[in-house]
Amino acid sequence: MDINNRHKLILDAIVSMYIKDGEPIASQALQDALDITVSSATLRNEMARLTKLGYLNQPHVSAGRVPTNKAYRYYVENIDRSAEISPADKANIKQYFDTLDGDSQRFLSGAAKLFSDILGYTVVIAPPRDTELQFVNFTALKTGRYSVVLVGTTTRGEVFTRVIRLDGEITNAQIAQLNQLLNMRLCFTCYADLDRKYLARLIGELEKENPAFGQFTAGALALMKDANNKAVHVYGQEKLLNTHHFEHNIGDVLRLLADTDALKQVITPKYNGVSVVFGDELPIKNIDNACFISTRYYAGSAVSGTLAVICPQTVDYKRLFLAVEYFAQLLTQSITGTERK
């Protein structure tokens, strides 16, 4: 460590004051805030050293100091993680959480909206990716002369639906036969383990009998694929406009939010617990002032998704850490029915 205990105390105070007020911190203001007997001149010297070490910047010669990304990194890594969310905040959040639609297709998107509205920042929820996901049942219902709705239920109790448009007509008796075929050939098999050559031959044979049969089977495979490549839920992008921090690069941040693959890589936690990544730590241009706070929630013993908050660096990290941890706990409890220890 290149700083001593006094430097740590000063740095913690400067970051906290800047997060609260957003104004450069002068030595006199710092002296008033610190509970130590140190002269203003001594504090100026210490601030100059911290500037030389890369923890502080001085926007103008006569101005105070502002924290750099290096200072924010030091600050978040030394936050007391032993605190717990207050009972009042917990009860308030739980009250709204319990009103979410429990349907598997809408639950995570509703949770992203709720968390974003409560926190006041952009929220991203990446669904769990389970390579062992299997379907336990397929049921098709005829909804029109040339259309069928296929409903599939997974081993996790999730329900996925897909509308299949057919080129030819199909009877209810034929749908019953195809239902039986799907349940025999596709249930209790992981999508990655399906015998593609066999399925291609099967679809070809079915198409000879009736083109609609092949389309029906292809639709079932597409439904299985979709279940393994779920969309990322992003809500509250407009909240990026509520702060001046993104005035110069709002387009770059929005482009990242629209790039699902890149976004997943950025928000995936690097370790257990709450993870923080700053924009300047990523190989992405023009998002150096963004902060990504994320953690995992679980859909099984080893199956996890990601909950993330996108915000400027000048946020109440202690509050967000507690809220994100509690939100992840609620997601885990709702999906698995148990609290993860």
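Does Pro59 count as closer than 16 Å to Tyr18 by Cα and surrounded by 19 or more Cβ atoms within 10 Å (Cβ to Cβ)?
On the way: closer than 16 Å to Tyr18 by Cα: yes; surrounded by 19 or more Cβ atoms within 10 Å (Cβ to Cβ): no.
No.
Tell me which residues, restricted to region 30-73, are on the phi < 0 side of the Ramachandran plot and in contact with a Lys or Arg (Cβ under 6 Å, 6 or more places away or on another chain). Steps first, please.
Of the residues in region 30-73, the ones on the phi < 0 side of the Ramachandran plot are 30-53, 55-73.
Residues satisfying the conditions are Met47, Tyr55, Leu56, Gln58.
Name the residues in region 76-90 that are touching a residue at least 12 places away in the same chain (Cβ under 8 Å) and of a type outside the set (Asp, Glu), would you?
Within region 76-90, Val76, Asn78, Ile79, Arg81, Ala83, Ile85, Lys90 qualify.
Just one of (1) farther than 26 Å from Phe278 by Cβ; (2) surrounded by fewer than 18 Cβ atoms within 10 Å (Cβ to Cβ); (3) over 27 Å from the mean Cα position of the chain (by Cα) trips up Leu9, so point out which.
Unmet for Leu9, out of (1) farther than 26 Å from Phe278 by Cβ; (2) surrounded by fewer than 18 Cβ atoms within 10 Å (Cβ to Cβ); (3) over 27 Å from the mean Cα position of the chain (by Cα): (1).
Surrounded by fewer than 16 Cβ atoms within 10 Å (Cβ to Cβ), out of contact with any helix residue (DSSP H, G or I) (no Cβ under 8 Å at 6 or more places or on another chain) and over 26 Å from Val136 (Cα atoms) - does that describe any residue in region 216-237?
The answer is no; no qualifying residue exists.
For region 19-26, does any single residue satisfy the condition of being touching a residue at least 40 places away in the same chain (Cβ under 8 Å) and of a type in the set (Gly, Ala, Ser)? Let's see the steps before the verdict.
Step one: list which residues in region 19-26 are touching a residue at least 40 places away in the same chain (Cβ under 8 Å), which gives 19, 22-25.
Within this subset, residues satisfying the condition of being of a type in the set (Gly, Ala, Ser) are 22.
The answer is yes; a qualifying residue exists.
With the checklist (1) touching an Asp or Glu at 6+ places or on another chain (Cβ under 7 Å); (2) without any contact (Cβ under 8 Å) to a residue 12 or more places away in the chain; (3) surrounded by fewer than 18 Cβ atoms within 10 Å (Cβ to Cβ); (4) of a type outside the set (S, T, N, Q) in hand, flag the one item Pro211 doesn't pass.
Unmet for Pro211, out of (1) touching an Asp or Glu at 6+ places or on another chain (Cβ under 7 Å); (2) without any contact (Cβ under 8 Å) to a residue 12 or more places away in the chain; (3) surrounded by fewer than 18 Cβ atoms within 10 Å (Cβ to Cβ); (4) of a type outside the set (S, T, N, Q): (2).
For region 246-256, enumerate the residues that are surrounded by fewer than 18 Cβ atoms within 10 Å (Cβ to Cβ) and assigned to a helix (DSSP H, G or I).
At the first step, the residues of region 246-256 found to be surrounded by fewer than 18 Cβ atoms within 10 Å (Cβ to Cβ) are 247-248, 250-252, 254-255.
Within region 246-256, Ile250, Gly251, Asp252, Leu254, Arg255 qualify.
For region 263-288, enumerate the residues that are under 14 Å from the mean Cα position of the chain (by Cα) and surrounded by fewer than 15 Cβ atoms within 10 Å (Cβ to Cβ). Full working, then the answer.
Pass one, region 263-288, residues under 14 Å from the mean Cα position of the chain (by Cα): 263-270, 273-277.
Scanning region 263-288 gives Gln265, Lys270, Gly273.
What are the pairs, 6+ residues apart or on separate chains, where a residue within region 162-175 that is in contact (Cβ under 8 Å) with a residue 40 or more places away in the chain and surrounded by fewer than 11 Cβ atoms within 10 Å (Cβ to Cβ) has its Cβ under 7 Å from a residue that is among the aromatic types (Phe, Trp, Tyr) and not in a helix (DSSP H, G or I)?
Hits for this filter: zero, empty list.
Output the number of the condition that Phe213 fails; it satisfies all remaining conditions of (1) over 14 Å from the mean Cα position of the chain (by Cα); (2) part of a helix (DSSP H, G or I); (3) assigned by TED's automatic domain parsing to the domain that holds Val324.
(3)
The values are calculated or read from the model by the stated rules, or taken from the named source; none is laboratory data. What you are looking at is a predicted structure, and each value in this text was computed from that prediction instead of being measured. Virtual Cβ from ideal backbone geometry, glycine too; neighbours counted across all protein chains shown.
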